[in-house]
Amino acid sequence: MQALHFGAGNIGRGFIGKLLSDAGVHVTFADVNQQVIDELASRHQYPVNVVGEQSVCEIVKNVDAINSTSPKVSDYIAKVDLVTTAVGPQILARIAQSVAQGIIARHASGNNAPLNIIACENMVRGTSQFKQEIVKYLPDDLHQWVNEHIGFVDSAVDRIVPPATSKTGDILEVTVETFSEWIVDKTQFIGEIPQIKGMEPVDNLMAFVERKLFTLNTGHAITAYLGFYNNIATIRDAILNDKIRKIVRGAMEESGQVLIKRYHFDPVKHQAYIEKILSRFENPYLHDDTARVGRQPLRKLGRGDRLIKPLLGTFEYQLGNQNLLIGIAAALNYRNNDDEQAIDLANQIANSSLKQAFCNISEIESDNPVVSQIEQLYTAMQNHQF
Ligand SMILES: NC(=O)C1=CN([C@@H]2O[C@H](COP(=O)(O)OP(=O)(O)OC[C@H]3O[C@@H](n4cnc5c(N)ncnc54)[C@H](O)[C@@H]3O)[C@@H](O)[C@H]2O)C=CC1
Ligand SMILES: O=P(O)(O)OC[C@H]1O[C@](O)(CO)[C@@H](O)[C@@H]1O
């Protein structure tokens, strides 16, 4: 079995590429980082440090790499069985055209074998969104063939893989936590579902996607923003701060109450899931910057993302949300001149008002009572009175 994987970054090398390769799939990475491509293409292997109580270094072998802007991408898509991505949500639209060209080439070559495409990004039904972008570049008369031969499979990916500096200077080396969860929607595959250890096909994907995004990512983002606000550089140090930990746990519990109502999760098991996440944030073997986890605050303050979507759920079920509001205020306070979206956020607030900027970004109506609560929390933080 052969796969083309877009994005030879942390998740690409440390999670998806590794799982595929461990399962005997030949993986070719497509990336734009020429240095990484050249190293992968000449060595055909790279080390992954799996760190926890018992750390091991595993070598991922028999891989290859190409530049994702090269015409070779079409040749690969014409022949592989699987296309996966871990490039970041904002990049999917940029690679859609070359994936579409590959699909056109596959059809033209008479390859009617099933192809499944799985976007592995922190997004709700990211592959379905990717499909909308790809379809824009396909001629109408190919749509039916695509629906019959190409599976667009949504997924949820959970493994913390921060960028790590190698002691030996190896740019391919990646360090990952022991935990990993890759959930895919079994109803969307075309042909047989590939047997990949660590990839779990389910028929209720949304429950898993929301459980992950609105627990781990909600808690992670709030840890990052409160950590950054308190001049704490790493997620571990931030979550070891009692005040931050209480708010983060509280926010995950508030979001959890929504998930329990919506998906009928067992409350005891869900609490254990939250506690496990807190212990993952504390992992002493991972160095994870609050700035990495807080990156792109405008995306994270979007209506469907990890901060606002759980808040909307608390309105729906009339549940408490005080800790989520603190987390949102901390996100609005995120000031980092190395992050374009943080600069944009600060400019939006400066050029209008906190209230107007927040309502524009989150799409929450300005007369919603939480808006003034968020404004008060934001002001208290701005005045260092929080
Ligand atoms: N790092 C983590 O712990 C986790 C990340 N994710 C998600 O996985 C995705 C990737 O995240 P990371 O691996 O952390 O990011 P990363 O920045 O380490 O990797 C992204 C890779 O995509 C490449 N890329 C950029 N533009 C490209 C293009 N046009 N064509 C091909 N490759 C391109 C970059 O050069 C880079 O190698 C994101 O959606 C993230 O939200 C999900 C779970 C965990
Ligand atoms: O990758 P994003 O969406 O910017 O957010 C960072 C988040 O992704 C992860 O890297 C993996 O889920 C988390 O560590 C963190 O919550």
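The values are calculated or read from the model by the stated rules, or taken from the named source; none is laboratory data. This one's a predicted model, so the numbers in the text were calculated from it and none came from an experiment. Counting neighbours? That spans all protein chains shown, and the Cβs are built from the backbone with ideal geometry, glycine included. These area figures cover heavy atoms from the full protein model, side chains too; ligands, DNA and RNA do not enter into them. Shrake-Rupley method; radii C 1.70, N 1.55, O 1.52, S 1.80 Å.
Taking each residue of the stretch 11-37 that is more than 21 Å from residue 160 (Cβ to Cβ) and not assigned by TED's automatic domain parsing to the domain that holds residue 292 and looking for partners that are modelled with pLDDT of 95 or more and of a type in the set (Phe, Trp, Tyr) with beta-carbon atoms closer than 7 Å, six or more apart or interchain, yields 28/76; 30/6.
Look at the stretch 340-366: where a residue is of a type in the set (D, E, K, R) and a partner is open to solvent by 60 Å² or more (accessible area, probe 1.4 Å), sitting 6+ places away or on another chain with Cβ atoms under 7 Å, you get 355/366; 355/375; 363/303. Would it be correct to say that residue 326 is aliphatic (A, V, I, L, M), over 24 Å from residue 232 (Cβ atoms) and open to solvent by less than 70 Å² (accessible area, probe 1.4 Å)? No; evaluated as a whole, the condition is false for this residue.
Filter the stretch 162-173 for residues that are modelled with pLDDT of 95 or more and open to solvent by less than 50 Å² (accessible area, probe 1.4 Å) and give the result. Listed by number, the residues that qualify are 170, 172, 173. The residue pairs whose first member lies in the stretch 74-97 and is under 9 Å from residue 4 (Cβ atoms), whose second member is near ligand 1 (Cβ under 9 Å from one of its atoms) and of a type in the set (Val, Ile, Thr), and whose beta carbons are closer than 7 Å, counting only pairs six or more residues apart or on different chains, are 84/16. When you check residue 100 against the structure, is it surrounded by fewer than 20 Cβ atoms within 10 Å (Cβ to Cβ) and either within 16 Å of ligand 2 (Cβ to nearest atom) or not assigned by TED's automatic domain parsing to the domain that holds residue 218 (or both), yes or no? The answer is no for residue 100.
Among the numbered conditions (1) of a type in the set (A, V, I, L, M, F, W, C); (2) farther than 30 Å from residue 286 by Cα; (3) in contact (Cβ under 8 Å) with a residue 60 or more places away in the chain, the only one that residue 105 does not meet is (3).
Given the condition on the phi < 0 side of the Ramachandran plot, within 16 Å of ligand 1 (Cβ to nearest atom) and either outside the structural domain of residue 300 (by TED's automatic domain parsing) or modelled with pLDDT of 95 or more (or both), answer yes or no: does some residue in the stretch 137-150 qualify? I'd like the intermediate steps shown before the answer.
The initial filter retains those residues of the stretch 137-150 that are on the phi < 0 side of the Ramachandran plot, namely 137-150.
From the residues that got through so far, the ones that are within 16 Å of ligand 1 (Cβ to nearest atom) too are 137.
The next check asks that each one be either outside the structural domain of residue 300 (by TED's automatic domain parsing) or modelled with pLDDT of 95 or more (or both); those that pass are 137.
The answer is yes, given that some residue of the stretch 137-150 is on the phi < 0 side of the Ramachandran plot, within 16 Å of ligand 1 (Cβ to nearest atom) and either outside the structural domain of residue 300 (by TED's automatic domain parsing) or modelled with pLDDT of 95 or more (or both).
Of everything listed in (1) polar (S, T, N, Q); (2) within 13 Å of ligand 2 (Cβ to nearest atom); (3) modelled with pLDDT under 95, the single unmet condition for residue 155 is (3). Among the residues of the stretch 174-196, the ones that are open to solvent by 20 Å² or more (accessible area, probe 1.4 Å), under 21 Å from residue 293 (Cβ atoms) and acidic (Asp, Glu) come to 1 in all.
The residues of the stretch 11-36 that are open to solvent by less than 50 Å² (accessible area, probe 1.4 Å) and near ligand 1 (Cβ under 9 Å from one of its atoms), listed by number, are 11, 12, 13, 14, 15, 16, 29, 30, 31, 36. Exactly one residue among 116, 122, 67, 62 is surrounded by fewer than 23 Cβ atoms within 10 Å (Cβ to Cβ), away from ligand 1 (no atom under 16 Å from the Cβ) and not small (Gly, Ala, Ser), and that residue is 62. Of all the listed residues (249, 299), the sole one being open to solvent by 50 Å² or more (accessible area, probe 1.4 Å), part of a helix (DSSP H, G or I), away from ligand 2 (no atom under 12 Å from the Cβ) and not acidic (Asp, Glu) is 249. Screening the stretch 197-246 for residues that are in contact with a strand residue (DSSP E or B) (Cβ under 8 Å, 6 or more places away or on another chain) and among the β-branched types (Val, Ile, Thr) and picking the one that is surrounded by the most Cβ atoms within 10 Å (Cβ to Cβ) gives 235.
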